[in-house]
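Notes to accompany the following structure.
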Amino acid sequence: LLDLLAVDFVESQWDVKTLVRRIVTSATYRQSSKISAELLERDPENRLLARGPRYRLSAESIRDGALSAAGLLMERIGGPSVKPYQPPGLWLEVAIQSYEQDQGEGLFRRSLYTYRKRQVPPPNLATFDAPNREFCVVRRTQTNTPLQALVMLNDPTFVEAARAMAQRALAETEGKFDGVGDDDLDARRADALF
């Protein structure tokens, strides 16, 4: 779909109005997220991604979900706050104390236990609209920005989670594909994972 839209955008001489019209009049954009009996029967596991939750996950749930899926999340309850990955030098301008990043288990504790400083909120959580705790919020804002995609691709927490998830998937599918040709291997491995 993105390739088709890109080609149409170039062929229309970069006409943004035409691109937007094409998007909003497409069947994909106009489809309802309500589940019908026919769709539920056809796709009970939602592999076609025809439906989704009404609201996005919170910043903490996104981080914790990625760590949990990778098998890295430390679920120990209680204890002191931890200092997970943050960009180097972030605290130098605003904080008197320095930021000493934790090692091992401290990097993968639940977001609830993340050490927070009002002047320097954790940037990966702030990008996903986590409040900075300078004031009380009744409802969180929900945005969708390119920065969120960049955080998912480049933040060390998510990179570690992706690496661990890939290792876990390979370990779980080890030996299931003996005697299968290379052409069918990727398709069968993907089916086994889902």
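Based on the convex hull around the alpha carbon atoms, segment 82-144 presents an average projected area of 5.0 nm².
For segment 1-112, the share of accessible area belonging to carbon and sulfur comes to 57 percent (1.4 Å probe, ligands and nucleic acids excluded). Note that segment 10-68 presents 84 Å² accessible area per residue, ligands and nucleic acids not counted, probe 1.4 Å. Divide, for the chain, the radius of gyration over alpha carbons by 2.2 N^0.38 Å, where N is the residue count. With N residues counted in the chain, Rg over 2.2 N^0.38 Å equals 1.32. Ignoring aspartates and glutamates fewer than eight residues from LYS176 along the same chain, the ones with Cα atoms less than 15 angstrom from its Cα are ASP184, ASP186, ASP191.
Packing order of peptides 65-71, 99-105, 30-36, highest average first: 65-71, 99-105, 30-36 (average count of other Cβ atoms within 10 Å over each peptide's residues). In this rough spin-label picture, where each label sits 7 Å from Cα along the Cβ direction, the THR143-ALA69 distance is 2.3 nm.
Within segment 6-60, the chymotrypsin sites (Phe, Trp or Tyr not before Pro) that combine a DSSP coil assignment with at most 15 other C-beta atoms in a 10 angstrom radius are TRP14, TYR55. Diffusion coefficient (Stokes-Einstein, Kirkwood radius over C-alpha pairs, 4 °C, 1.567 mPa s) for segment 110-168: 99 µm²/s, rounded to a whole number.
Each Lys or Arg adds one and each Asp or Glu takes one away; over the other residues whose Cβ falls under 12 Å from the Cβ of SER111, this sums to +2. With helices as the sole contributors, the chain gives -12500 deg cm²/dmol at 222 nm; each DSSP H run of n ≥ 4 counts as -39500 (n - 2.57), and the sum is divided by every residue.
Under 14 Å from the Cβ of LEU40, count the other residues' Cβ atoms, weight Lys and Arg +1, Asp and Glu -1, and hand me the total. Local charge sum for LEU40: 0. Loop-located trypsin sites (Lys or Arg not before Pro) in segment 43-72 (DSSP state other than H, G, I, E, B) with a sparse environment of at most 14 neighbouring Cβ atoms within 10 Å: ARG47, ARG54.
The distance separating the Cα centre of segment 33-95 from that of segment 105-156 comes to 12 Å.
Under a model in which nothing but the beta-carbon of Lys, Arg (+1) and Asp, Glu (-1) is charged, segment 21-161 shows a dipole of about 680 debye around its Cα centre.
The values are calculated or read from the model by the stated rules, or taken from the named source; none is laboratory data. Being a predicted model, the structure only gives us computed values, none of them experimental. All Cβ positions, even for glycine, are placed from backbone atoms using ideal geometry, and neighbour counts span all protein chains on display. Heads up: the accessible areas ignore ligands, DNA and RNA and are worked out on the full protein's heavy atoms, side chains in. Shrake-Rupley method; radii C 1.70, N 1.55, O 1.52, S 1.80 Å.
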